[in-house]
Amino acid sequence: KVAEQNGGESKETVYRDKHGRRISTDEDLSRHRKTKKKRIEIDEKEQLEWGKGRAQIQAEEEAMRERSFVQNESFARFKDDVRLDQEKKEIIRKGDPMAAQALKKQVQLKGGREKLTNYIYKGPEPKPNRFNIRPGYRWDGVDRGNGFEDKVLACKYSKHRKKEDAYRWSSADM
């Protein structure tokens, strides 16, 4: 019936925006693509910024500066390369007796404050245990065990003492 009223032919669908104005499908597709691109760009930008603090951003910028500097210098490095020598001096190695001094110097150069990495319990001396494990730095000094550790250590020390006494008794007459 509708086709008969319109002259017997079917017409194209008319698309309208939220204000009621006619829009063509090509126009709508192009606008949709633009909004989608904008949304993707905003999402990517948020993804890059999200979850990064000041320190991470500064470290990233420092790494970028370092890369650009390395990119511009020659491939070969020589003995008298001042920058390479300085980099090697700044490395803190395990077992270095001057490591604490070097760490303080690096902290002063960076302008930050020293962050403690090794926390150690500083309270009264704890009871010995089977594996000589030191207590955590937050331990309050209260032994909350059920006494098993004490029994194991007592047995261990009594065996050692009995062997020692037996040896002394056997070698006493000599």
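The values are calculated or read from the model by the stated rules, or taken from the named source; none is laboratory data. Bear in mind the structure is a predicted one, so any value in this text is a computation, not a measurement. Note that we place each Cβ from the backbone using ideal geometry, even for glycine, and neighbour counts take in every protein chain shown. The protein model used for the area step is the full one, side chains on, heavy atoms only, and it has no ligands, DNA or RNA in it. Shrake-Rupley method; radii C 1.70, N 1.55, O 1.52, S 1.80 Å.
Whether any residue in the range 103-119 is hydrophobic (A, V, I, L, M, F, W, C), in a loop (DSSP other than H, G, I, E, B) and out of contact with any Gly (no Cβ under 8 Å at 6 or more places or on another chain) is what I want to check. Checked against the condition, which is being hydrophobic (A, V, I, L, M, F, W, C), in a loop (DSSP other than H, G, I, E, B) and out of contact with any Gly (no Cβ under 8 Å at 6 or more places or on another chain), the range 103-119 yields at least one hit. Listed conditions (1) surrounded by fewer than 10 Cβ atoms within 10 Å (Cβ to Cβ); (2) modelled with pLDDT of 80 or more are all met by residue 56, apart from (1).
When you look at residue 165, is it in a helix (DSSP H, G or I) and either aliphatic (A, V, I, L, M) or closer than 30 Å to residue 120 by Cβ (or both), yes or no? No; evaluated as a whole, the condition is false for this residue.
Tell me yes or no: at least one residue of the range 46-61 is within 30 Å of residue 16 (Cβ to Cβ) and part of a helix (DSSP H, G or I). No, the range 46-61 contains no residue that is within 30 Å of residue 16 (Cβ to Cβ) and part of a helix (DSSP H, G or I).
Restricting attention to the range 69-94, the residues that are more than 27 Å from the chain's Cα centre (by Cα), surrounded by fewer than 10 Cβ atoms within 10 Å (Cβ to Cβ) and of a type in the set (A, V, I, L, M) total 2.
I'd like the full set of residues that are part of a helix (DSSP H, G or I) and closer than 18 Å to residue 126 by Cα, limited to the range 137-162. Working first, answer last.
Pass one, the range 137-162, residues part of a helix (DSSP H, G or I): 148-162.
If the condition is that a residue be part of a helix (DSSP H, G or I) and closer than 18 Å to residue 126 by Cα, then 148, 149, 150, 151, 152, 153, 154, 157 are the ones that fit.
Selection within the range 127-173: residues that are open to solvent by less than 100 Å² (accessible area, probe 1.4 Å) and among the aliphatic types (A, V, I, L, M). The member of this set that is modelled with the lowest pLDDT is 172.
For the range 102-126, the tally of residues that are surrounded by 10 or more Cβ atoms within 10 Å (Cβ to Cβ), at pLDDT 80 or above and of a type outside the set (D, E, K, R) stands at 5.
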